[in-house]
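Written below as structure tokens is the structure these notes are about.
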Amino acid sequence: MATVAGEAAAAEEGTSPLVAVTFQRNANRKQKYLEAEPKALGITQIGLSVFQITCLGVFLAKDLSRSEGDIAFFVSSLLVIIAGSVAVAAQNLHVPTLKACLGMEVVACGASIFNMICSLVKMDYMPSYCWHYYYDNVTLHYRETCRNIESTHSHFYAESVVIQVALLAISATLAIYCCKVVNCCAPAPKMPVITVQTPPAQQ
């Protein structure tokens, strides 16, 4: 009450109050994006996606995977690579780049979920030339080779599911931090700023 009365008295005398409280936007709010370590997470996105594309390319070259569903897997992995590149570029804290990062990370989340489903579907896939080893009297060496191929194929796609879960977590983390910085969900909060004015020296 005393503070309010003092300010009212100061206003009547035509002088400014000694203490003023204003609400201003945080000028350093964009720095919050850097707390997510976007360079490390972006490079991780790129590295894991390149690894997935390389391994799948080897599987296709050796006829150990079906090509009809792999094109979509390639495209989704490329989208994650682009998202990782934009996340690294957004370290300059340029607002349009941060908005692009947010959009790409949301897309990367969808791509990771799609790739995860594809990996789960392909986990039990068997190359066509190994189908008949269950039914025909084939040599022991051929049977063992097909069993090893099946085991390798299953382990690769199980590993792929784990990688896609990690990529989904990374994309979601970067998207959340971008969302906080660009204020897409809510207006930027204002911080109270207290200004203390020095009274003029009396003569």
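Mind checking the full-extension length gain between ALA40 and ALA72? Use 0.36 nm per residue of separation minus the Cα-Cα distance, one decimal, nm. Could you put the intermediate results ahead of the total?
On the way: separation 32, 0.36 × 32 = 11.52 nm, distance 2.64 nm.
Taking ALA40 through ALA72 to full extension adds about 8.9 nm, to one decimal.
If I take R0 = 45 Å and measure r between the Cβ atoms of LYS32 and VAL121 in this structure, what FRET efficiency does the formula 1/(1 + (r/R0)^6) give, to the nearest 0.05?
Values: r = 39 Å, r/R0 = 0.86.
According to the calculation, E is roughly 0.70.
A short reminder: the numbers here are calculations on the coordinates, not readings from a lab. Note that this is a predicted model, so its numbers are computed, not measured. Methodologically, a virtual Cβ is constructed for each residue, glycine included, from the backbone with ideal geometry; neighbour enumeration extends over all protein chains shown.
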